[in-house]
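The values are calculated or read from the model by the stated rules, or taken from the named source; none is laboratory data. None of the values given here were measured: they were computed from a predicted structure. Reconstructed Cβ throughout: ideal geometry from the backbone, glycine too, with neighbour counts over all protein chains shown. Accessible surface areas use protein heavy atoms only, side chains included; no ligands, DNA or RNA. Shrake-Rupley method; radii C 1.70, N 1.55, O 1.52, S 1.80 Å.
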Amino acid sequence: MSLEIHSQQEQYPGISGDEALAIIDKYRGEFEDRTSLSPSDMEFPYLDLDTPDAVHILETGDNKAGAFKWRGALVGAMALQRAGHDRLVVPSAGNHARGAVLAAKVLDMSIDVVVPSTAPLAKREGLHDLWANSRNRLHVAGATFDESLAYASHFMERRGGALLHPYDDASVVSGQGTIVDDLLREDSEVNHVVLPVGGGGLLAGVASRLEELGRNDVHITAVEATGSNSLSRSLRRKRVVAAEAPNPAYGGSAVRYVGSHALTTALTYPNLRIVTADEGDVSHVMSAYVQSRNDLMRTERYFVPAYEPTSLVAVAGLYKIVTDYRKTVVIGTGHNAPLPRY
């Protein structure tokens, strides 16, 4: 299914990394994006790492969409608009949909969003709050992202519009890759990036943009949650294969098929490794994170939305890494999904 959808997406020209950055910079104020870099012990003071001072967190969810995915959604929507489309059909587990709704609003496009019934209620209900307009329509179909993707494809065939895939789309990947430019603007000395991987749009974007900028000396560690291992299995077979058992508790990383863009990039990027965040490590990070946030909110007068489980999977991956890099940056992906209760 993933490869078939990918071939449909390549019927229009993709947007390059440099042009994607120009688009993001143009609309950054509209989306109120405030990407920032901070020491890891500000959000995760309990991490027992060999060199904690070398680990930082890149906050990419401080914007109207609440997640980094507004970047790919905007650039992908613009590519479709340039190809003559004025209506988006958007399958999503939540964050891509939020970015796509805002993109449709600023680009004056109609949008049909398809989410699974398992998408967090806050993500579903919040779509109308982002753009209360009859041109913004929500459909709940299936219990998984793959079922929503299949519904969106059939819907598009019957009703028209253009599919805006959340991660297996060249222009969406270019949009996600602009995170690299923000990171290097904050600190050009970064030499190690840690990120979560499910469908792989973030991985494909980051790796592709680093290569475009001549910075493939930067090491990338892609962190899979237990069972959400489509990327590592696909790399072994050199074709897209399904994950063994994606765990929906881990949010956006619980994807059955990695995108073909991510696989192609992973096969060619020179400094990439994949690690698995064990369930025990993820549970430890989540429970300790919830406790430290509760302690913080008892002593501080301000509130910052919690990171989603997907981000905490990446943080848990630090336990599988020897932190001997000059500076390691973990990419935090968003704030829209509730954390499990511990």
The size of the Cβ-based charge dipole (Lys, Arg +1; Asp, Glu -1) of region 35-165 about the Cα centre, to the nearest 20 debye, is 980 debye
Nearest 10, in degrees from 0 to 90: the angle of helix 95-107 to the longest Cα principal axis of the chain is 50 degrees
Applied in sequence order to region 213-220, the curve 6.51 cos²θ - 1.76 cosθ + 1.60 (Karplus, θ = phi - 60°) yields integer Hz couplings, x standing for Gly and Pro, of 8, x, 10, 6, 6, 6, 7, 10
Among V285, A242, Q176, the residue whose Cα sits farthest towards the positive end of the charge dipole of the chain, when +1 is placed on the Cβ of each Lys and Arg and -1 on the Cβ of each Asp and Glu, is A242
Expressed as a percent, the accessible surface of region 230-331 that is carbon or sulfur, using a 1.4 Å probe and the full set of protein chains, is 49 percent
The extension gain from D18 to K238, computed as 0.36 nm times the residue separation minus the Cα-Cα distance, is 76.3 nm
At 37 °C in a medium of viscosity 0.692 mPa s, the chain has a Stokes-Einstein diffusion coefficient, with Rh taken as the Kirkwood radius over alpha carbon pairs, in µm² per second, of 167 µm²/s
Among F31, V194, A306, the residue whose Cα sits farthest towards the positive end of the charge dipole of the chain, when +1 is placed on the Cβ of each Lys and Arg and -1 on the Cβ of each Asp and Glu, is F31
Ordered by number, the GluC sites (Glu not before Pro) in region 186-279 that occupy a DSSP loop and have at most 16 other Cβ atoms within 10 Å are E189, E244
For the chain, averaging the sequence separation of alpha carbon pairs under 8 Å that lie six or more residues apart and dividing by its residue count, the contact order in percent is 21 percent
Region 86-107 and region 111-160 have their Cα centres apart by a whole-number Å value of 9 Å
Computed about the Cα centre, the charge dipole of region 148-294 from +1 Lys/Arg and -1 Asp/Glu charges at the Cβ has a magnitude in debye, to the nearest 20, of 620 debye
For K69, the lysines lying under 21 Å Cα to Cα, once residues fewer than eight places off in the same chain are dropped, come out as K26, K105, K123
If one compares the long axis through the Cα atoms of helix 121-130 with the longest principal axis of the Cα atoms of the chain, the angle in degrees, nearest 10, works out at 60 degrees
Residues of region 234-257 with backbone N under 13 Å of the label point set 7 Å from the Cα of T118 along Cα→Cβ are 243-257
Within region 168-195, the residues whose backbone N lies under 13 Å from a label point placed 7 Å from the Cα of R273 along the Cα-to-Cβ direction are 192-194
Dividing the helical contributions, -39500 (n - 2.57) per DSSP H run of n ≥ 4, by the residues of the chain yields a 222 nm value, nearest 500 deg cm²/dmol, of -13000 deg cm²/dmol
Note: L107 to S38 extended length (0.36 nm per residue) minus current alpha-carbon separation gives 21.6 nm
Answer in debye to the nearest 20: the dipole magnitude of the chain about its Cα centre, from +1 Lys/Arg and -1 Asp/Glu charges placed on Cβ, is 900 debye
Between the Cα axis of helix 170-186 and the main Cα principal axis of the chain, the angle (0 to 90°, nearest 10) is 30 degrees
Amide H proximity to H56 below 5 Å, modelled H, separation 5+ or other chain, gives S40, T328, V329, V330
In Å², rounded to a whole number, the accessible area per residue of the chain with probe 1.4 Å is 40 Å²
